[in-house]
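Following: one structure in structure tokens, then a few remarks.
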Amino acid sequence: MLEHVRFTRNRREFLRDAFCGFGSLAMADILQRESLRAASTANALAPKPPHMPAKAKSVIFLFMAGGPSHVETWDPKPLLNELDGEPRPKEFGEAKYQFVKPDAKLLGTKRTFQKYGKAGIEVSDLFPHMAKCVDDLAILRSCHGDMVVHSAAQYELWTGRIVPGFPSMGSWVCYGLGSESESLPAFVVMPDPDGALEAGQPMYGNGFLPAVFQPTMFRPGDRPVLNLDLPQGVSLEERRKTIDLIRQLNEATLNPGDDEFNARLKAYDLAFKMQTEAPEVLDIRNEPQETLDLYGVGKEPTHDYGRRCLLARRLVEKGVRFVCVVSGGGPGNLQWDAHDDIEENHLRMAAQTDQPVAALLQDLKRRGMLDSTLVLWGGEFGRSPEAQGGKGRDHHNLGFTMWLAGGGIQGGQVVGATDAIGLRAVENPIHFRDLHTTMLHQLGLDQDKLNYLHLGRNERLTQIHGRVVREIV
Amino acid sequence: MLLVGVAAAAAADARKPEYRETERSLWSLQPRSQPAVPEFAAAEETSWARSPIDAFVLRKLAENSLRPAPQADRVTLIRRLYFDLWGLPPSPADIADFVNDSNTDAYEKLVDRLLASPHYGERWAQHWLDGVRFAETEGFEYDRHLAGMWRYRDYVIESLNSDKPYDEFVREQIAGDEIGPENHETLIAAGLHRLGAVRRNAGNQEVASSRNEVLTERTDIIGSAFLGLTVGCARCHDHMFDPIRQRDYYRLQAFMAATEENNIVLATEEEQKAWKALVKEKEDEIKELRKKLDELSGEEKGKLHQKIRNLEVSLPDPLPTIATVKNDYENQTPIHVLERGDYSKKKEQVGPRVLGVLLPDGTPELDAYRKNLRISLADWLTAPDHPLTARVMVNRIWLYHFGSGIVNTPNDFGFNGDKPSHPELLDYLANQLVAGGWRQKPIHRMILLSNAYRQSSDSPVAEAAVQKDPENRLLWRFSRRRLEAEEIRDAMLAVSGKLNPKAGGQSIMVPVDEQLVELLYKPAQWKEPEDVSQNYRRSVYLIAKRNLRLPFMEVFDQPAMLTSCARRQSSTHAPQALELMNGPLANGLAEVFAGRLRREVGDDPAQLVERAYLLAAGRMPAPGELRPAVEFLKTQPLRELALAIFNLNDFLYVN
């Protein structure tokens, strides 16, 4: 049937006919030029040189979702304990919260602080392991953002905007630098298996940047990457044959100078490579017992976060550009979102994460990777100096703590300060945009040059210019 | 003294024009011209330039010493037309009929048949929905599902299918509730104003901030979708490039100062009462069970969790609802110019006025408290001589047919946007749209019947042409394109014979990786249909949920539904290959496709391969394709061949 329906001639054949005898030379020329032109678009994830000399190659963001309390962790406030149960003295000014009313009483902390490291930096007893790494940490006590509710604050932390729809910092970084790994995704998010966060998927997304810069969301368990597994009942050997057939069929009509189709062929090779090589990277069982113990893998309550931190190191080691390891998910109290009982919540969340985070820093350092890996710790905001319902703390965006380590950051120092009750960043305030600018700077990216034309505007990660936190770079 | 000084300043201010001549000279703001259709001398040229479109295209080609490609063969043309107008592949019988039709008007008949089918609306609605960032959920933390928002999608499909005049289409969306407060169709159309993301949360709602976010969404989309101007750039400061002042932005916003959400429940009071009682009963039960959660641990706790989830999923569907807007004049928002767009930094109050650059200097604002302001906005937008509305729309139509627009920045007709490659053609088409009563189908027909559209995607002048016009803006050939995400899924369904052609109605939540559902803040929101045949509906009927996009769609460049997308990306990367090789959709449908092949042609390997090619690529396999495929079938299951077919360039691309 339909014998007269001739298959589409391939382009080479077409051109040969079209140009009759003198075709070959001219054609070779076109093919070469076409490939030159398309080379810039075909592999958007090819590694790209930074705008300026870079100190960091990769980023690991330890996202303490829900908002860890600064006054329980990195920012001791003796006055808060003295004023426990009192209303906030007027001289500290106003603050808007999500739930806590203006007449709420201040809440002191039960945590104790000790000095650690060469610089004698005070760290809370929630973090005995991290305390030992304090010489590597630049503790930013004056962070602040614009929004006091989770979703909007999470968007601002990730995308620089308080509404969804803009690319996340992970997507921007991959857009700027490409990927060093062919067999692994460039941008990985490892959510907490306890569940989702308020801002949902759009917080991590590529926004209006091309789909190639989208995050790969890891699933819990041993096979975290969607579609990396073969369907049930299909063997790798069998599938290899199918892929070979796909190549044969696609090559049968291929014009050798067709860059888009060549890029498609390459995508299949890469996909197969991911399928065969990534599982090995994702399998932590071949790590020495000492390393597993360091991260607290195989024991509770550190197993899960430890496993994911260890994976983060393995990914960065293989050239993955941006990895986020989320602590917290699902209902508020399974995040750092301690509305009801700050003690119960933070003791639990800290116990899950303190050892793994410290292990990650030590492990990166002993492998010589910390210098090129920027590690960021923190949440979308901190918590209120006032009590919520007696024992809890509400959200609080006017002053809180995050820290940076590695990637050329000068550790062992505290930058900025909040007022005496931890209400407001009063010294050297650091907005999310400043944090973003500093991160880009360490990666050799300039906030202005890293832009993308969208709906008439050259959009950037920082809507309003940020500044580099000079003290720490 | 002081008073005199103020008066003098005011007088000086009055003499200073609101907009400079250079600003008013922006090409897209000029009245449309009545361009003369180019004429040609040579016989070869006159025969190609049969229609005005071709004449305009040919002249540009000739000016650049280029010439058009030969006409594509019928097999290519029918596949091109089917995907372009329906987003579906032609069946082998359709191809045979067309190829064998010896009538001289075979092509015209095919175009008319495709345009008359309801599938046309299903395909072209997606373009419009992208442009207005259609979604049925509000985004942010709750990502609340808007009951009845799907009706807006059906409204767009039906409007396209009935060839509703574009001016009416615009009026209904901008002011449907004002035009027909009792008219379901126009109320649904005004659902346009509900499509932006909305932040809701417990506790402090930040009402003023949230209202500002909503008004921003509603203002910006009018700029992008209808005006083709980046009006949103003027929210924080005067536009950097275009004659849009910050004040213009807020004056535009002032048309919507009284616009509020309105959910109209289409049920009797009794029905509503019964529904509420049922919901309350289940919610109470859930609340009780939740209390017990803390007492349990391990397996017991898991079981209870599951029970609660089941109950949540079993909450009754919302009652039939129209998600629209209404004017609430008593509570209308006073609109101020906001310093840097910050809602807490109010400057002077402004009233409604359309873009000043299109008005004589000094045109006063309308009364801010006048009724039915949006009708006057719609009247302005749809005036036959509006310089932008018709141009912007015909440019979109052109773009979706050819892959690039006459203006290649379809949402930016400003100074910083692309200049039209064929300005006279753009005006010609816009004039035709307006003169033809704003009907779109005649414009489609004119474009589809042109020789420009019928060109091959291969060109004998490729050498010179690539050098002069690498992006093929001048149309020296037809531009090959990859299918869009929805088209790939729909084509896989059609080719495997699984497509459920049912049109319209509530959106479908197809089964998706469980872990992705768990990443929702409220996983119980994801409710799969009981009737599994619903899972095989066309992609336009799948739910547009902001916080859970299907990985298949995402990987093939579906836009994020948060900002207007007038032109999709077409990227190539490894996760697409993983999706098409290992994804559940591709593998499930490969199995079904294999079954169909076996049923239709039996066991003969060559016939199986030929049938597969014909169904999926619309053509017979070349010898170089037939041989390895037949060889493959000697040892490998047919399912794997079917999967390979889904991965063919000639399945995924249209020439």
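When you go through B:498, B:522 one by one, which is the residue that is within 30 Å of residue B:220 (Cβ to Cβ) and either surrounded by fewer than 21 Cβ atoms within 10 Å (Cβ to Cβ) or modelled with pLDDT under 90 (or both)?
Values: B:498 fails: within 30 Å of residue B:220 (Cβ to Cβ).
When all the criteria are applied, what remains is B:522.
Since residue B:578 meets every condition but one in (1) closer than 30 Å to residue A:44 by Cα; (2) open to solvent by 30 Å² or more (accessible area, probe 1.4 Å), which condition does it not meet?
If we test residue B:578 against (1) closer than 30 Å to residue A:44 by Cα; (2) open to solvent by 30 Å² or more (accessible area, probe 1.4 Å), just (2) comes out false.
If residue A:170 satisfies all but one of (1) modelled with pLDDT of 90 or more; (2) touching a helix residue (DSSP H, G or I) at 6+ places or on another chain (Cβ under 6 Å); (3) more than 8 Å from chain B (Cβ to nearest Cβ), what's the number of the condition it fails?
In the conditions (1) modelled with pLDDT of 90 or more; (2) touching a helix residue (DSSP H, G or I) at 6+ places or on another chain (Cβ under 6 Å); (3) more than 8 Å from chain B (Cβ to nearest Cβ), residue A:170 misses (2) alone.
Can you spot a residue in the range B:38-59 that is basic (Lys, Arg), touching a helix residue (DSSP H, G or I) at 6+ places or on another chain (Cβ under 9 Å) and assigned to a helix (DSSP H, G or I)?
Yes, that holds for at least one residue.
Can you name the number of the only condition in (1) at pLDDT 95 or above; (2) open to solvent by 20 Å² or more (accessible area, probe 1.4 Å) that residue B:172 fails?
Residue B:172 satisfies all of (1) at pLDDT 95 or above; (2) open to solvent by 20 Å² or more (accessible area, probe 1.4 Å) except (2).
Taking residue B:94 as meeting all but one of (1) surrounded by 15 or more Cβ atoms within 10 Å (Cβ to Cβ); (2) acidic (Asp, Glu); (3) at pLDDT below 95; (4) outside any loop (DSSP other than H, G, I, E, B), write down the number of the exception.
(3)
So that you can scan it fast, the table gives a plain yes or no per residue for (1) under 30 Å from residue B:185 (Cβ atoms); (2) part of a strand (DSSP E or B); (3) not hydroxyl-bearing (Ser, Thr, Tyr):
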{"position": "B:254", "(1), (2), (3)": "yes, no, yes"}
{"position": "B:281", "(1), (2), (3)": "no, no, yes"}
{"position": "B:288", "(1), (2), (3)": "no, no, yes"}
{"position": "B:301", "(1), (2), (3)": "no, no, yes"}
{"position": "B:307", "(1), (2), (3)": "no, no, yes"}
{"position": "B:315", "(1), (2), (3)": "yes, no, yes"}
{"position": "B:325", "(1), (2), (3)": "yes, yes, yes"}
{"position": "B:347", "(1), (2), (3)": "no, yes, yes"}
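Could you list, in sequence order, the residues of the range B:552-567 that are in a helix (DSSP H, G or I), crowded, with 22+ Cβ neighbours inside 10 Å and either facing chain A (nearest Cβ under 8 Å) or in contact with a Cys (Cβ under 9 Å, 6 or more places away or on another chain) (or both)? If you could, list the steps in order and put the result at the bottom.
Of the range B:552-567, the ones in a helix (DSSP H, G or I) are B:552-555.
From what's left, crowded, with 22+ Cβ neighbours inside 10 Å: B:552, B:555.
Within the range B:552-567, just B:555 meets the criteria.
If I ask for residues that are in contact with a strand residue (DSSP E or B) (Cβ under 6 Å, 6 or more places away or on another chain) and of a type outside the set (Lys, Arg), which ones from the range B:462-478 would you list? Break it down stepwise before answering.
Start the filter on the range B:462-478 by keeping residues that are in contact with a strand residue (DSSP E or B) (Cβ under 6 Å, 6 or more places away or on another chain), which leaves B:477-478.
Of everything in the range B:462-478, just one residue is in contact with a strand residue (DSSP E or B) (Cβ under 6 Å, 6 or more places away or on another chain) and of a type outside the set (Lys, Arg), namely B:478.
Where in the range A:77-187 are there strands (runs of 3 or more DSSP E), lying wholly inside it, with at least 3 residues that are within 30 Å of the chain's Cα centre (by Cα) and crowded, with 23+ Cβ neighbours inside 10 Å?
Values: elements: A:113-116, A:121-124, A:137-144.
Hits in the range A:77-187: A:137-144.
Can we say residue A:433 is closer than 30 Å to residue B:230 by Cα and open to solvent by 30 Å² or more (accessible area, probe 1.4 Å)?
Values: closer than 30 Å to residue B:230 by Cα: yes; open to solvent by 30 Å² or more (accessible area, probe 1.4 Å): yes.
Judged against the criteria, residue A:433 is a match.
Would you be able to say whether some residue in the range B:70-77 is in contact (Cβ under 8 Å) with a residue 60 or more places away in the chain, part of a helix (DSSP H, G or I), among the aliphatic types (A, V, I, L, M) and open to solvent by 10 Å² or more (accessible area, probe 1.4 Å)? Outline the logic, then answer.
As a first pass, look at the range B:70-77 and keep what is in contact (Cβ under 8 Å) with a residue 60 or more places away in the chain: B:70-73, B:75-77.
With part of a helix (DSSP H, G or I) added as a condition, the list becomes B:75-77.
Now restrict to residues that are among the aliphatic types (A, V, I, L, M): B:75, B:77.
From the residues that got through so far, the ones that are open to solvent by 10 Å² or more (accessible area, probe 1.4 Å) too are B:75.
Yes, because at least one residue in the range B:70-77 is in contact (Cβ under 8 Å) with a residue 60 or more places away in the chain, part of a helix (DSSP H, G or I), among the aliphatic types (A, V, I, L, M) and open to solvent by 10 Å² or more (accessible area, probe 1.4 Å).
Only one of these is at pLDDT 90 or above, open to solvent by 10 Å² or more (accessible area, probe 1.4 Å) and facing chain B (nearest Cβ under 9 Å): A:266, A:241. Name it. First the steps, then the outcome.
On the way: A:266 fails: at pLDDT 90 or above.
Selected residue: A:241, the only one of A:266, A:241 that is at pLDDT 90 or above, open to solvent by 10 Å² or more (accessible area, probe 1.4 Å) and facing chain B (nearest Cβ under 9 Å).
So if I check each of B:435, B:503, which one is out of contact with any Lys or Arg (no Cβ under 9 Å at 6 or more places or on another chain) and of a type in the set (A, V, I, L, M, F, W, C)?
Working: B:503 fails: out of contact with any Lys or Arg (no Cβ under 9 Å at 6 or more places or on another chain).
Every option except B:435 fails the conditions.
Say whether the condition of being aliphatic (A, V, I, L, M), in contact with a Leu (Cβ under 9 Å, 6 or more places away or on another chain) and open to solvent by 50 Å² or more (accessible area, probe 1.4 Å) is met by at least one residue in the range B:378-387. Even if it seems obvious, please write down each step before you answer.
Kept after step one, since they are aliphatic (A, V, I, L, M), are these residues of the range B:378-387: B:378, B:381, B:383.
Those left that are additionally in contact with a Leu (Cβ under 9 Å, 6 or more places away or on another chain): B:381.
Subset that is open to solvent by 50 Å² or more (accessible area, probe 1.4 Å): none.
The answer is no, given that none of the residues of the range B:378-387 is aliphatic (A, V, I, L, M), in contact with a Leu (Cβ under 9 Å, 6 or more places away or on another chain) and open to solvent by 50 Å² or more (accessible area, probe 1.4 Å).
How many residues, within the range B:409-462, are within 21 Å of residue B:223 (Cα to Cα), buried (at least 18 other Cβ atoms within 10 Å of the Cβ) and within 14 Å of chain A (Cβ to nearest Cβ)?
8
Tell me, which strands (runs of 3 or more DSSP E) wholly within the range A:356-448 include 3 or more residues that are of a type in the set (A, V, I, L, M)? Working first, answer last.
Values: elements: A:373-378, A:382-388, A:392-396, A:400-405, A:413-415, A:425-427.
Those strands (runs of 3 or more DSSP E) span A:373-378, A:400-405.
Restricting the search to the range A:218-251, which residues are in contact with a Gly (Cβ under 9 Å, 6 or more places away or on another chain), free of Cβ contacts under 8 Å to residues at least 12 places away in the same chain and under 19 Å from residue B:621 (Cα atoms)? I'd like the intermediate steps shown before the answer.
The first filter runs over the range A:218-251 and keeps only residues in contact with a Gly (Cβ under 9 Å, 6 or more places away or on another chain), leaving A:226-227, A:231, A:248-249, A:251.
Now drop any that are not free of Cβ contacts under 8 Å to residues at least 12 places away in the same chain, which leaves A:226-227, A:231, A:248-249.
If the condition is that a residue be in contact with a Gly (Cβ under 9 Å, 6 or more places away or on another chain), free of Cβ contacts under 8 Å to residues at least 12 places away in the same chain and under 19 Å from residue B:621 (Cα atoms), then A:248, A:249 are the ones that fit.
If you take the residues in the range B:137-148 that are surrounded by fewer than 24 Cβ atoms within 10 Å (Cβ to Cβ) and hydrophobic (A, V, I, L, M, F, W, C), which one is farthest from residue B:506 (Cα to Cα)?
So, considering only residues that are surrounded by fewer than 24 Cβ atoms within 10 Å (Cβ to Cβ) and hydrophobic (A, V, I, L, M, F, W, C), the one farthest from residue B:506 (Cα to Cα) is B:146.
Looking at this structure, is residue B:242 closer than 23 Å to residue B:417 by Cα, within 10 Å of another protein chain (Cβ to nearest Cβ), touching a residue at least 12 places away in the same chain (Cβ under 8 Å) and open to solvent by less than 10 Å² (accessible area, probe 1.4 Å)?
yes
Might you check whether a residue that is within 12 Å of chain A (Cβ to nearest Cβ), in contact (Cβ under 8 Å) with a residue 40 or more places away in the chain and under 24 Å from the mean Cα position of the chain (by Cα) occurs anywhere in the range B:505-514?
Among the residues of the range B:505-514, not one is within 12 Å of chain A (Cβ to nearest Cβ), in contact (Cβ under 8 Å) with a residue 40 or more places away in the chain and under 24 Å from the mean Cα position of the chain (by Cα), which makes the answer no.
With B:633, B:597, B:589, B:608 as the choices, which residue is open to solvent by less than 10 Å² (accessible area, probe 1.4 Å), over 35 Å from the mean Cα position of the chain (by Cα) and more than 9 Å from chain A (Cβ to nearest Cβ)? Reasoning before the result, please.
Working: B:633 fails: open to solvent by less than 10 Å² (accessible area, probe 1.4 Å); B:597 fails: over 35 Å from the mean Cα position of the chain (by Cα); B:589 fails: over 35 Å from the mean Cα position of the chain (by Cα).
Answer to the selection: B:608.
I'd like the residue in the range B:248-283 that is more than 26 Å from residue B:150 (Cβ to Cβ), modelled with pLDDT of 95 or more and among the charged types (D, E, K, R) and, out of all such residues, is least open to solvent (accessible area, probe 1.4 Å). Spell out the reasoning first.
Filtering the range B:248-283 for residues more than 26 Å from residue B:150 (Cβ to Cβ) gives B:248-255, B:257-258, B:281.
Narrowing further to those that are modelled with pLDDT of 95 or more: B:248-255, B:257-258.
Subset that is among the charged types (D, E, K, R): B:248, B:251.
Details: B:248: 1, B:251: 23 Å².
This residue is B:248.
For residue A:98, work out the one condition from (1) closer than 25 Å to residue A:157 by Cβ; (2) among the polar types (S, T, N, Q); (3) in contact with a Ser or Thr (Cβ under 8 Å, 6 or more places away or on another chain) it doesn't fulfil.
(3)
Name the residue, out of B:368, B:378, B:323, B:383, that is in contact (Cβ under 8 Å) with a residue 60 or more places away in the chain and within 21 Å of residue B:224 (Cα to Cα). Walk me through it before giving the result.
Values: B:368 fails: within 21 Å of residue B:224 (Cα to Cα); B:323 fails: within 21 Å of residue B:224 (Cα to Cα); B:383 fails: in contact (Cβ under 8 Å) with a residue 60 or more places away in the chain.
Within the list B:368, B:378, B:323, B:383, the selection yields B:378.
Kindly list the number of the only condition in (1) of a type in the set (A, V, I, L, M); (2) under 23 Å from residue B:540 (Cα atoms); (3) within 14 Å of chain A (Cβ to nearest Cβ) that fails for residue B:189.
Failed condition: (3).
Going by the conditions given, is residue A:461 modelled with pLDDT of 95 or more, in a helix (DSSP H, G or I), crowded, with 23+ Cβ neighbours inside 10 Å and not acidic (Asp, Glu)?
Numbers: modelled with pLDDT of 95 or more: yes; in a helix (DSSP H, G or I): no; crowded, with 23+ Cβ neighbours inside 10 Å: yes; not acidic (Asp, Glu): yes.
Spelling it out, it is not the case that residue A:461 is modelled with pLDDT of 95 or more, in a helix (DSSP H, G or I), crowded, with 23+ Cβ neighbours inside 10 Å and not acidic (Asp, Glu).
The values are calculated or read from the model by the stated rules, or taken from the named source; none is laboratory data. From a predicted model like this one, the values you see are computed outputs, not experimental measurements. Because the Cβ atoms are built from the backbone with ideal geometry, glycine has one as well, and the counts that use them run over all protein chains shown. Side chains included, ligands, DNA and RNA excluded: accessible areas come from the protein's heavy atoms. Shrake-Rupley method; radii C 1.70, N 1.55, O 1.52, S 1.80 Å.
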